[in-house]
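Written below as structure tokens is the structure these notes are about.
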Amino acid sequence: MFKWVFLPGNERQEEELIRNLNISPLLARLLVNRDITDVESARKFLNPSFQNLHDPFKYFSELERAIDYLLYIRDKKKKILIYGDYDADGITSTALLLKFLRKWGWEADYYIPHRLVEGYGLKKETLQKLNLSEYSLLITVDCGINSIEEVNYLRRNGLEVIITDHHIPMQNNIPDALIVFNPHLKNYPFPYLAGVGTVFKFIQAIAEKLNYNLFNEKGIFELVTLGTLGDQVELKDENRVLVKHGLKELINTKNFGIKHLIKKAGLSNYSSFDTKDVVFYLVPRLNAIGRLREVKEAIDLILTEDENIALELAEILDRENRERQRIKDEVYNSAEELIEEYFRKENDNVPIIILYNENWHKGVLGLVAADLAEKYNRPVLLGRIEDEYVVGSGRGVEDVDIYNFIKSLSHYLSRFGGHKSAVGFSIEKSEWDKFYKSAIELAWKLWGDLDLSPKIKIDAKLDIKEINSNLFLDIERLSPFGPGNEEPYFLIPNSTVQDLYEYKPGKRFNVRVVDVSGTVLSVTGFGTTDKLQNNKNEFMDMVVRIHKGSFGGEKFYKFHLEDFKLADKAKINIQHSKREKGRYLINVDNDIEKNLLIEKIRKIKKEVIIVTSSWNKEYWQFNDLTFISPWNLEKNLDYLEKASLIVWEDAELLLSINDFVDLYEKYVKNLKSHIFFITLINDEKTFLDISKLLNIRFIRYSSKASRPFLADLRFSKNRIKEEETFKRINALFYPTQYPFKYYNHLVFQSPPLLLSELRRWTKISKHSYLFFGKDEILEAYKRLQEKLNTLLREEQVFFKKNALDFLLLLQRGRLSEIYSLLFYYEAFEPK
């Protein structure tokens, strides 16, 4: 259970943003909640542009000298060695700089250490193994800021050094390099660049010196985006500009390696990417190989211009990712077992988790620490034994600076590094007990009074009836989301569960909720549905986030359920009494859905009247409802005026456009009741036409129209044998009473009298069969005459014409004609 924290906003600041930027109140609130409070900052945030990137020459005076030296060694044909890191940020940083230098005529190689053998960063032992005499310059990417001794060693051996790194300097003095290019130095205005972002700024400066427009270069921003999102840095300022642009480039990348990595991740049909697609599906495939062994294949994947090689390398990285996941699960489960004992030893409320195990795989410690920190909402340090050292990784949580915490204990450590939310460290085994005791004491001192319960920060309240395209546009303008610009969370108050469907029991489900106005919303949830099932008849407040998806060229928005609790009944009554009357257009896939919808709504609204034709009554499950024919509204005005809810079914199918508008304007428009226009037609244009015509609220209730199988067994010569087969598989035989349940097989032993009737029945079956002959068609004409005798005179005219046309189609038409009509209705044609 999460603790709900309502972000307060700031009314004065929000009004200023609304007035100066002409944005919605909701978007203004979301900006203020993200500490974007002044007009100019908000303008830049909402319109991320390359023009807003900072000028590196303004802050790093040494750039001129460093670039001059680069140009000198290019002219002299001297070689450069790029020294990188083995995670996604380091891999993309290395590849980006290597591609750029080679394109512009520099001779460059790269070296990335083996995580499990050599560890992170510049180390003298590693450098001694390299043939440094080949090179005149070594450039670090994503490492080097604290490598003072190693840089001195390189310079004594005749190499100049350029440091590009984004990690925090551990001490006041920095390496004696040609330039130390780091956003934490020189009062650079945005210190939160990733390693690859730092490299980008460095080559931006070189490109400017070369009079080249780097921003037109293809293949750069995909790499910057992969590395930036992989390192989970703050998505504001320059990072926002780079990632916003890079996500657009990534979807149409020409890089063979990245393209095949996208295919392996199952994203090739997406028409746009968001940050989570990259973080959860692409980054792990780049990261995995470096957690287990050398990363050469990952660099080759990015650099190769041979599509067949790219495919082979993508398969290798995908395989390594599966192995990484298996190892991670093993370590995670092992750590969970130790945590139970750890809490017994220390205290359930201990504000940090510190564990080590000699058998844990070094390559996944950071991943497991991150998962545990998220689960227990407190910082986690995990280590493993390597010779005489405990080597490990740590991850922090909100309100906790894990880097400064570990820095305060640096007198115990052999090495450490990182940033606010993630650290790496090593410590001699003999120092472990003292380190452990001091770390626990310091954690209590720093964080003992912190509320470390899991929290959801709620940006705003959102009534279901307020959900429209403008909301989605605001969400789109706020993206891309990540650290510093988290996805907004919304409180949807006073809703009840209408129905639940489990896609994967215990893992994923869909729930339809309805508020006091009768407005319906479909929400996806993860986990079990037990708690929802137990409270399905209660009013609940729900916290949701909105996710934009895309597939096959289509874009859509989904609501994800994050948490819920029982609503305050006093507030429900107040809001219920103040609600506005509404007009709503609702699509249902079949009559079972329709009845479930009305069943839920009747718990709120008791006086419900159904406006439908006489022949549609059998498709309503309730015997106690009042039914009124649309041709008989005038005679039933007293009933209509007393109703709290009027449900008008199939209006667009039963009436011409002029008749429908005339009846609506004359008898319905000025009623105080809520009115639901329910239709089985799943057609966007029809919905929009009707909603514009009547100025009513548009809601799509059914998330996806089903398309059942329809087989043609009309006039079959093997009727007896086939009928026995259908009986053996428990098929439903029409005509019979409408069952209000789903079947696998439905057999039409007699023709339905209307196209709408055929459609209603096929919607409750996976497989339907037309299984009638001449005798049954003749019998259907007799049924038609009997039916007419039960209808109003106006209904008779409509029913007779449509039934005769449809029976003629069933008698002479091809199956393809019948099938196409099942899924295409032209609404408001003259009847």
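The values are calculated or read from the model by the stated rules, or taken from the named source; none is laboratory data. Here the structure is a predicted model, which means the values were calculated and not measured. No Cβ is skipped: glycine too gets one built from the backbone with ideal geometry, and neighbour counts run over all protein chains shown. In case anyone asks, the SASA skips ligands and DNA or RNA and just uses the protein heavy atoms, side chains included. Shrake-Rupley method; radii C 1.70, N 1.55, O 1.52, S 1.80 Å.
The set of residues in segment 400-446 that are under 14 Å from Ile354 (Cα atoms) and out of contact with any strand residue (DSSP E or B) (no Cβ under 9 Å at 6 or more places or on another chain) comprises Asp433, Lys434, Lys437, Ser438, Glu441, Leu442, Trp444. Residue selection: Tyr403 fails the criterion of being open to solvent by 20 Å² or more (accessible area, probe 1.4 Å), part of a helix (DSSP H, G or I), in contact (Cβ under 8 Å) with a residue 24 or more places away in the chain and of a type in the set (Phe, Trp, Tyr). Of all residues being of a type outside the set (A, V, I, L, M, F, W, C) and farther than 20 Å from Gln232 by Cα in segment 388-400, which is least open to solvent (accessible area, probe 1.4 Å)? Just the residue, please. The extreme case among them is Tyr389. With the condition kept exactly as written, say whether any residue in segment 35-55 is among the charged types (D, E, K, R), open to solvent by 10 Å² or more (accessible area, probe 1.4 Å) and on the phi > 0 side of the Ramachandran plot. Scanning segment 35-55, I find at least one residue that is among the charged types (D, E, K, R), open to solvent by 10 Å² or more (accessible area, probe 1.4 Å) and on the phi > 0 side of the Ramachandran plot, so the answer is yes.
Counting only residues that are open to solvent by 20 Å² or more (accessible area, probe 1.4 Å), farther than 15 Å from Leu758 by Cα and in a helix (DSSP H, G or I), segment 775-818 holds 18 of them. Taking helices (runs of 4 or more DSSP H) as the structural unit, those lying wholly within segment 276-375 and holding at least 2 residues that are touching an Asp or Glu at 6+ places or on another chain (Cβ under 8 Å) correspond to 283-292, 307-345. Within segment 491-529, the set of residues being under 25 Å from Val608 (Cβ atoms) and among the hydrophobic types (A, V, I, L, M, F, W, C) comprises Ile492, Val497, Leu500, Val511, Val513, Val514, Val516, Val520, Leu521, Val523.
Here the condition is being assigned to a loop (DSSP other than H, G, I, E, B) and either under 26 Å from Phe45 (Cβ atoms) or in the same structural domain as Thr94 (by the TED database) (or both); of Phe221, Phe200, Phe190, it holds for Phe190 alone. When segment 515-539 is filtered for residues that are touching a helix residue (DSSP H, G or I) at 6+ places or on another chain (Cβ under 8 Å) and either surrounded by fewer than 19 Cβ atoms within 10 Å (Cβ to Cβ) or modelled with pLDDT of 80 or more (or both), the ones remaining, listed by number, are Leu521, Gly525, Phe539.
Taking the listed residues Thr275, Thr304, the one that is among the hydroxyl-bearing types (Ser, Thr, Tyr), closer than 30 Å to Lys236 by Cβ and in contact with a helix residue (DSSP H, G or I) (Cβ under 6 Å, 6 or more places away or on another chain) is Thr275, with no other qualifying.
I'd like the full set of residues that are closer than 16 Å to Ala369 by Cα and either in contact (Cβ under 8 Å) with a residue 40 or more places away in the chain or of a type in the set (S, T, N, Q) (or both), limited to segment 288-330. Hits for segment 288-330 are Arg291, Arg324, Gln325, Lys328.
Among residues of segment 125-155 being more than 21 Å from Ala66 (Cβ to Cβ) and hydroxyl-bearing (Ser, Thr, Tyr), the one that is least open to solvent (accessible area, probe 1.4 Å) is Thr126. Scanning for something at positive phi and open to solvent by 30 Å² or more (accessible area, probe 1.4 Å), does segment 461-472 turn up at least one residue? No, the conditions are met nowhere in segment 461-472.
In this entry, Leu596 is excluded by the filter for residues that are of a type in the set (A, V, I, L, M), open to solvent by less than 30 Å² (accessible area, probe 1.4 Å) and at pLDDT below 85. For segment 15-116, the helices (runs of 4 or more DSSP H) that sit wholly inside it and include 3 or more residues that are under 28 Å from the mean Cα position of the chain (by Cα) are 25-33, 39-46, 88-103. Taking segment 470-517 as the range and being in a loop (DSSP other than H, G, I, E, B) and basic (Lys, Arg) as the test, only Lys507 passes. For segment 609-629, a residue qualifies if it is over 43 Å from the mean Cα position of the chain (by Cα), not in a loop (DSSP other than H, G, I, E, B) and not small (Gly, Ala, Ser), and the qualifying residues are Trp615, Thr626, Phe627, Ile628. Count of segment 419-447 residues, restricted to those that are open to solvent by less than 30 Å² (accessible area, probe 1.4 Å) and part of a loop (DSSP other than H, G, I, E, B), is 0.
Residue by residue, here is whether (1) under 27 Å from Glu320 (Cβ atoms); (2) of a type in the set (Gly, Ala, Ser) holds:
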| position | (1), (2) |
| --- | --- |
| Gly84 | yes, yes |
| Thr92 | yes, no |
| Leu97 | yes, no |
| Glu107 | no, no |
| Gly121 | yes, yes |
| Gln128 | no, no |
| Asn131 | no, no |
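The residues in segment 710-769 that are more than 27 Å from Lys617 (Cβ to Cβ) and either outside any strand (DSSP E or B) or without any contact (Cβ under 8 Å) to a residue 12 or more places away in the chain (or both) can be counted, and the count is 18. The residue that is surrounded by the most Cβ atoms within 10 Å (Cβ to Cβ), counting only those in segment 603-637 that are basic (Lys, Arg) and modelled with pLDDT under 85, is Lys605.
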